[in-house]
Amino acid sequence: MDIHTTISGLRSRLAAARAAGQRIAFVPTMGYLHEGHLGLVDVAREEADLVVMSIFVNPLQFQPGEDFERYPRDYAHDRALAEARHVDILFVPELGEMYGSADQTRVVPGEASVRWEGEYRPGHFDGVLTVVAKLLNIVQPNVLVLGQKDIQQVTVIRRMLIELDWSVRLRVVPTSREADGLARSSRNVYLSAEERVAALALSRSLRAVEAAFERGERRADALRQVAHEVLEAAPDLITDYIAVADPERLAPVERVDIGTVVAVAGRVGATRLIDNVILGDEDV
Ligand code: AMP
């Protein structure tokens, strides 16, 4: 595995690969890798000759008071995991390398960023789009691989790719879960044993919604109520939102169909967690 810490070093390595006709797939991450990230690597491998992963904890997407400083980091372990999963190129830039002279320009998302996560994390998606735009310009991949776990991020990035005429293909990989249903997340490490039990209500609520959908329920309000009852029964979980929304723009819908997104977010102690399903998928 090649490891690059500079933009120029990575660029020349990738220029040579492109000149040799290699297709490039790119997996951006914030590190503290788990099986969810590594599943993206497997999909990237199906799509391309060269798999590039980045590890960069992007300060722009954290709001003041969020967990940027304490976000879990373990570079040595990440590096070993990436290598074992046959990542070809690991890009690990320092903060100054990414943002040294970049203190003015931001990529601003539209309507799809306003609700849900956007409400609880104002400015978050500006930070996400800005770093993704930079990384795409640096790596210039044929394929970008993202996780469905962060479904609003996927939607906002997809809008950017379409609306700013990027020619990169987007592959979205279903959420990887622990055996008990908890969606894998770097932030799960924050959870105590009791908090982890409370956190399970998120995926349980989504399973209940899926079961109601399979029984024929098509009213968004009724499905929101199904999720609400499960979440409410977990006293240590504070629900932020239950979104029932169209997959294209994440606008709320009144009636659901195959493909409708149901997304939940909540807080357990100091940890904020999100999860979602796409109705009709066999995911949760
Ligand atoms: P992060 O390091 O949390 O920024 O995530 C990097 C990429 O991995 C994003 O595209 C995430 O959506 C994806 N990802 C994170 N957790 C999971 C998971 N449990 N299943 C699938 N993809 C995931």
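The values are calculated or read from the model by the stated rules, or taken from the named source; none is laboratory data. What you see is a predicted model, and the numbers here were worked out from it, not measured in a lab. Quick reminder, even Gly has a Cβ in these numbers, built from the backbone with ideal geometry, and neighbours come from all protein chains shown. To get the accessible areas, we keep the full protein, side chains included, count just its heavy atoms, and leave off ligands, DNA and RNA. Shrake-Rupley method; radii C 1.70, N 1.55, O 1.52, S 1.80 Å.
Observations on the structure shown:
- Normalising the average separation of contacting C-alpha pairs (under 8 angstrom, six or more residues apart) by the number of residues puts the relative contact order of the chain at 17 percent.
- The helix-based estimate of mean residue ellipticity at 222 nm for the chain, built from -39,500 (n - 2.57) per DSSP H run of four or more residues and divided by its residue count, is -12000 deg cm²/dmol to the nearest 500.
- Most mobile of ASP165, ASP180, ASP78 in a GNM of the chain (Cα contacts under 10 Å): ASP165
- Solvent-accessible area of THR105 with every protein chain in place, 1.4 Å probe, in Å² to the nearest 10: 110
- Gap separating the Cα centres of region 56-72 and region 198-236, nearest whole Å: 30
- Solvent-accessible area per residue for region 2-173 (1.4 angstrom probe, square angstrom): 45
- Theoretical gain in end-to-end length, ARG106 to ALA211 [0.36 nm per residue, Cα-Cα removed]: 33.7 nm
- Shown in residue order for region 163-179 are the 3J(HN,Hα) couplings computed by the Karplus curve 6.51 cos²θ - 1.76 cosθ + 1.60 at θ = phi - 60°: 6, 9, 6, 6, 9, 7, 7, 10, 10, 10, 9, x, 5, 8, 10, 5, 4 Hz (x for Gly and Pro).
- Of the GluC sites (Glu not before Pro) in region 75-154, those whose Cβ has at most 12 other Cβ within 10 Å and which sit in DSSP loop: GLU94
- Seen from THR271, the other residues with C-beta closer than 10 Å to its C-beta sum to a net charge of +2, counting Lys and Arg as +1 and Asp and Glu as -1.
- Nonpolar atom fraction for region 186-278, defined as the carbon and sulfur part of the 1.4 Å probe accessible area, stands at 51 percent.
- Crossing angle, helix 193-214 versus the chain [Cα axis fit, 0-90 degrees, rounded to tens]: 70
- Between the helical axis of 7-19 and the longest alpha-carbon principal axis of the chain there is an angle of about 80 degrees.
- Gain in span if fully extended, THR5 to ARG171, counting 0.36 nm per residue against the direct Cα distance: 57.2 nm
- Unit charges on C-beta of K, R, D, E only; dipole of region 2-173, Debye: 380
- Residue-wise HN-Hα coupling along region 263-278, computed from phi with Karplus coefficients 6.51, -1.76, 1.60 (Hz; x: Gly, Pro): 10, 10, 9, x, 10, 10, x, 8, 9, 9, 10, 10, 7, 7, 9, 9
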